Each structure stands twice: as C-alpha cells, then as structure tokens.
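For reference, the structure discussed in these notes is given below.
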Amino acid sequence: MKNITLVFFDVLKQHWLVILISIGVATVPFFWFKPGEMNIGGDVGRLYFYDPERIFNYLTSYFVMPFGTGLASPLFQYLPLVLILTILKSIINSPFILIALYSGMKITISFLAVYGIVNEFIGNRSTGDKRTFVAGKFASILAGLFYVFNPAMTENYVRALPSHDQVFLNPLIFYLVLRYM
C-alpha cells in the first residue's frame, strides 16, 4: 500500500498542472446552460439522459422491426452506456448534472489525448536540457487547450449527436495507436 501512495504522489508532483487544467476543463459544461435546463438534442438523441432506466428497459427487451420484414435489431451496443447512466442517475438524480458530467468527461479526455499526442512528438526528447523539457510540456498543454476551446470544436459540443463522440474518440484512438503501435 505504501508503494501505491508513493507512486500516486510522484505522479501528482510531476503532472500537477495537467491535472489542475483537466479539472478546470471538466467544469466548463456546467456553465453551458442554466441549472435545471438540459439539452436533449434536436432529434431527441439525448433522451436517455433524462430517464435512462426506461431506455434501459426498452433496450433489454427484444426489438422487432414493425415493417413486417422480419428484421430483429436488439440494439445491445447501447447497454453498457445506458447501464452506467442508470446507475449514475440513481445516485445524482439530475439530468442536468448527468449531461454536464458526460460532456465534461468527453472534453477532458480530448484535452488529455491531444496533450499526450503532442507530448509524444515533442515532449519526450531526452536532450538533458530542462528548458526544452518544460517547453515541450507547455506546448502540449497549449495544444490540448487549443483543441478543446477551438471554435470549430466548441460549436459541435452541444449540437452533436451523442453517438458521434469524435470530439474525444479521434484524438484518443490516434494517441493510443501512436503510443502502443
């Protein structure tokens, strides 16, 4: 147990600025709407934030297309997300906070992924110069902040369909491929 706490405090000491910025970025969606107000999208795509238990019951039942073609589409791919939302909604009991937490998670992951991408390219150079190392870290942080607060990205946060999570999936997948392939 002692080793785990030492590793935790070592990571906290090295990356305190990134952690602080990530917490700040995660709070941004709480200011998009007034408290109690929620955006369920133009096509009601975010209705499972409002009542995830009812959507969970709908998705677990066998769904048959009503057109008489015999196609069965169980829609099981949404079950993990809706199950997590159902558990969170039973704890939080506010769709506004649930949507803000979900959006905060998306933009925090996108910030961290872009930070990691730029850090992989320029931040891990072992030249021995501390100024180069610090400049690489700050360039990574600025690139992540630019990606998160770029007007082309922020216009899409509220209007995008929840199934289109390219805001964080594209940089996250690129970072994982860059790091581990």
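Counting only heavy atoms of the protein chains and using a 1.4 Å probe, GLU53 has close to 110 Å² of accessible surface. When all protein chains stay in place and ligands, DNA and RNA are ignored, the 1.4 Å accessible-area order of ARG54, ARG179, ARG131, largest first, is ARG131, ARG54, ARG179. Each residue was assigned an accessible area with a 1.4 Å probe, and for ASP51 the value is about 50 Å². For the set MET181, MET105, the ranking by accessible area, highest first and with no ligand, DNA or RNA atoms included, is MET181, MET105 under a 1.4 Å probe.
Working from label points 7 Å from Cα in the Cα-to-Cβ sense, the SER94 to ALA135 distance is 4.5 nm.
The values are calculated or read from the model by the stated rules, or taken from the named source; none is laboratory data. Note that the coordinates shown come from a computational prediction; the quantities given were computed from them, not determined experimentally. Because the Cβ atoms are built from the backbone with ideal geometry, glycine has one as well, and the counts that use them run over all protein chains shown. Only protein heavy atoms, including side chains, enter the accessible area calculation; ligands, DNA and RNA are left aside. Shrake-Rupley method; radii C 1.70, N 1.55, O 1.52, S 1.80 Å.
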